[in-house]
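Asker: Supplied in structure tokens, the structure appears directly below.
Values in this text are rule-based calculations from the coordinates and carry no lab data. Quantities reported herein were computed from a predicted structural model and do not represent experimental measurements. Virtual Cβ from ideal backbone geometry, glycine too; neighbours counted across all protein chains shown.
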Amino acid sequence: MGAIIRIMLTILCFLILSIPSPAQVSHAEDISCRILDMTYPFDEETIYWPTAEPWKLAKVSWAVGDGGWWYASNNYSASEHGGTHADAPIHFAEKGRTIDKIRLKEWIGPAVKIDVTEKCAKNRDYLLSVDDIKGWEKQYEKIPDRAWVIMYTGIGTRFYPDRKEVLGTDKKGKEALPYLRFPGFSPEAATFLIKERAITGIALDTPSIDFGKSKDFKVHQIICGAGKFAVENIANLDKLPPAGATLYVIPMLIKDGTGSPARIFSVLP
Ligand SMILES: [Zn+2]
């Protein structure tokens, strides 16, 4: 496996070096370079849990100063858990690892995309089932070791950052919680992936791996309890193939971080 990761990183370095200067880069060119950015920008529209501290950015300087040179700098702050981000095991497991205890290579793995967009369009409370996982395996292969298993709900992919469409409500604070409605993983599917397969983690295009109506966050407890990772609000799932890509989740290295904004991308087959 170490050799495979080395080869992947070599290919990645080559791809990065072959990307044109930022001024010339467009989304289409990113994809033709076989790198797919799967990250939403952090700005005032970024979706956070209704009770969490949202993104704040304040300009410290954005001007030519007395010395005659241009100087630009911002301050920023936010909850760790919002927008495109990763959850570390400590998030729902007292003895779980924090972000800084996880080696970079542990965040990289084969991308398995399970498309349940039709089911989620009919039922906002849909839970990914063990049968959905087995259906993917029947069509492609057994879920590879170290895979990221990604639930493609279509909700975030189509509607992010529209809070009402993605969260089910545009209310904020505690009063929003009873109105949260979006799909997620079933606890049975999470248990199957932990016990029967050797995954890195799970991801999806909604704000939580537990569905909006969840009161006990069982899937978080199962995944974090097993020392696995989660990614929420992943972008561009419509452009990710069902199999064959490699997912790179690169979180900000926060000491004692329970999660972190992450730059997420895939190298396409
Ligand atoms: Zn989180």
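Asker: Tell me the label-point distance for the pair LYS171, THR51, using the 7 Å Cα-to-Cβ offset, in nm and rounded to one decimal.
Answerer: Roughly 1.4 nm, to one decimal.
Asker: Of LYS56/LYS101; LYS119/LYS195; LYS171/LYS239; LYS113/LYS138, which pairs sit farther than 23 Å apart, going by alpha carbon to alpha carbon?
Answerer: Violating the 23 Å limit, Cα to Cα: LYS56/LYS101; LYS119/LYS195; LYS171/LYS239.
Asker: Also, quick follow-up: Given +1 on the Cβ of Lys and Arg, -1 on the Cβ of Asp and Glu, and no further charges, what dipole in debye does the chain carry about its Cα centre, rounded to the nearest 20?
Answerer: For the chain, the charge dipole is close to 520 debye.
Asker: Calculate, for LEU253 and LYS164, the FRET efficiency according to 1/(1 + (r/R0)^6) with r their C-beta to C-beta distance and R0 35 Å; round to the nearest 0.05.
Answerer: Computed FRET efficiency for LEU253 and LYS164 comes out at 0.55.
Asker: Hey, if you drop one equal point scatterer on each alpha-carbon of the range 131-195 and run the Debye formula without solvent, what base-10 log of I(q)/I(0) do you get at q = 0.14, 0.16, 0.17, 0.21 Å⁻¹?
Answerer: Reported log10 I(q)/I(0), two decimals: -0.59, -0.70, -0.76, -0.92.
Asker: Just rank SER79, SER266, SER73, fewest to most, by other beta-carbon atoms within 10 angstrom.
Answerer: Least crowded to most crowded, the residues run SER73, SER79, SER266.
Asker: Right, here's the next one. Ranking TYR140, TYR160 by Cβ neighbours within 10 Å, fewest first, what do you get? Could the numbers behind the result be given before it?
Answerer: Details: TYR140 15, TYR160 22.
Ascending number of Cβ neighbours within 10 Å: TYR140, TYR160.
Asker: What does the extension gain come out to for ASP43 and GLU196, with contour length at 0.36 nm per residue minus their alpha carbon separation?
Answerer: Computed gain between ASP43 and GLU196 is 51.2 nm.
Asker: Given the Cα atoms of the range 79-136, and with Rh set as the inverse mean 1/r over their pairs in the Kirkwood sense, what is Rg to Rh to two decimals?
Answerer: Result: Rg/Rh = 1.06.
Asker: Find the centroid of the Cα atoms in the range 110-133 and in the range 36-53, then give the distance between the two in whole Å.
Answerer: Between the Cα centres of the range 110-133 and the range 36-53 lies a distance of 22 Å.
Asker: Pairs of alpha-carbon atoms within less than 8 angstrom and 6+ residues apart define the contacts here; what relative contact order does the chain have, in percent?
Answerer: Computed over the chain, the figure is 28 percent.
Asker: While we're looking at this one, here's another question. For VAL231, VAL130, what ranking results if the residue with the fewest other Cβ atoms within 10 Å of its Cβ goes first?
Answerer: With the fewest neighbours first, VAL231, VAL130 line up as VAL130, VAL231.
Asker: If a paramagnetic tag sat 7 Å from the Cα of LYS134 along the Cα-Cβ line, which residues of the range 166-196 would have the backbone N under 17 Å from that point?
Answerer: 186-196
Asker: Also, I was wondering about something else. Calculate the dipole size of the range 121-209 relative to its Cα centre from +1 charges on Lys and Arg beta carbons and -1 charges on Asp and Glu beta carbons; express the result in debye to the nearest 20.
Answerer: 240
Asker: Right, another one. Assign one of three labels to the range 212-269, namely rounded, prolate or oblate, based on the Cα gyration tensor with a ≥ b ≥ c the square roots of its eigenvalues; rounded applies when a/c is under 1.5, prolate when it is not and a/b is larger than b/c, and oblate otherwise.
Answerer: Details: a/c = 2.09, a/b = 1.39, b/c = 1.50.
In terms of gyration-tensor shape, oblate.
Asker: Please list the equivalent ellipsoid semi-axes of the chain, computed as the square roots of five times the alpha-carbon gyration tensor eigenvalues, in descending order and whole angstrom. Could you put the intermediate results ahead of the total?
Answerer: Numbers: eigenvalues 169, 120, 69 Å².
Working from the Cα gyration tensor, I get semi-axes of 29, 24, 19 Å.
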